[in-house]
1. Straight-line reach from residue 272: which lysines have Cα under 16 Å away, leaving out those fewer than 8 places along the same chain?
2. Run the helix sum for the chain: -39,500 (n - 2.57) per DSSP H stretch of 4+ residues, divided by residue count, reported at 222 nm to the nearest 500 deg cm²/dmol.
3. Going by amide H atoms built from the backbone, whose H comes under 5 Å of the H on residue 35, apart from near neighbours?
4. Nothing charged except the Cβ atoms of Lys and Arg (+1) and of Asp and Glu (-1): what's the magnitude of the dipole of the stretch 67-131 about its Cα centre? Round to the nearest 20 debye.
5. Take each uninterrupted DSSP H stretch in the chain, measure its Cα extent along the helix axis, and return the ones at 18 Å or beyond whose mean Kyte-Doolittle hydropathy is at least -1.0.
6. Given Cβ point charges of +1 (Lys, Arg) and -1 (Asp, Glu) and nothing else, what value in debye, to the nearest 20, does the dipole of the chain about its Cα centre take?
7. Percent of accessible area on the stretch 35-128 owned by carbon and sulfur, 1.4 Å probe?
8. About the Cα centre of the stretch 151-251, what is the dipole size in debye to 20, counting +1 per Lys and Arg Cβ and -1 per Asp and Glu Cβ, all else neutral?
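The values are calculated or read from the model by the stated rules, or taken from the named source; none is laboratory data. Just so it is clear, the structure is predicted and the values come from calculations on it, not from any experiment. Quick reminder, even Gly has a Cβ in these numbers, built from the backbone with ideal geometry, and neighbours come from all protein chains shown. The area values use the complete protein model at the heavy-atom level, side chains included, leaving out ligands, DNA and RNA. Shrake-Rupley method; radii C 1.70, N 1.55, O 1.52, S 1.80 Å.
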Amino acid sequence: MIDTLCILGRQPALGLAELESLFGSDNIRPVGSYSAIIKIDPTLIDFTRLGGTIKFCKILTVLDTTDWAKIQGYLEKVIPEHIANLQTGKMKLGLSVYGLDVSAQKINSTNLSLKKVIKTAGRSIRVIPNVEKTLNSAQVLHNQLTGPLGWELVFVRDGKKTILAQNIAEQDIEAYAARDQARPKRDTKVGMLPPKLAQIIINMAIGQVEPVDPSCGPIKNYDKTILDPFCGTGVVLQEALLMGYGAYGTDLEQKMVEYSQTNLEWLRLDNKRWELEVGD
């Protein structure tokens, strides 16, 4: 079975707690400060429901070294064997490194070396330069590094070893921003809960799920309803509906209930399983 590597967001403790709640702590192994391994095949996990994970990766191998020169040598040797499996067209390559003693400048040097190796093997390629040791979501999405011609290789130090993984899904920051900023009703006085954090809260409330191929339909506990007794402008309710749950919201203020009503109607979801009322 292929394990899954998750690169966690700005609050890694919350991201880790979310994974443990959804998949059980026995199936989760923290690696370093900003990543965790899930002992579940990535094809059985619905990445879009994970608010605390920014990179969702398939583990390719584990190297018995943390020396970057040796890692580069390994890549130069094996990459030509694998590029033949890609469809024709111009490749795009990016590298993200966590926990290893290597600078962004050295990573860029490796990028150029790998570019030369790949071009020698007869493939056209563009490398994505590193400003920092890791590529951010905007770089990954803009350059389509999780697409059919993209490779973002992710390296994570695990003690005296290095996990080598391929990013297969990046958190959709544009979708989160649109859901947050384009909602018709917002109120800075009552606070604006980020949609990512709302997802984490919902996942921790729902608890453990049974891994199922997302393409085969909803997981078993989607028949549940999320209650938010202080719904405000409805961010938790919004995310619950988008994740396939029912939603029930109350608020002490009529104004907030009306705001939630407007925002939920704005979503135009086929799922109409939501209810709102004023409540203490």
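1. Output for residue 272: 224.
2. So the calculated ellipticity at 222 nm is -10000 deg cm²/dmol.
3. For residue 35, the qualifying residues are 8.
4. The calculation lands at about 340 debye.
5. Helices meeting the span and hydropathy rule in the chain are 68-82, 104-120, 254-267.
6. 1420
7. Carbon plus sulfur share of accessible area: 51 percent.
8. Around 260 debye, computed over the stretch 151-251.
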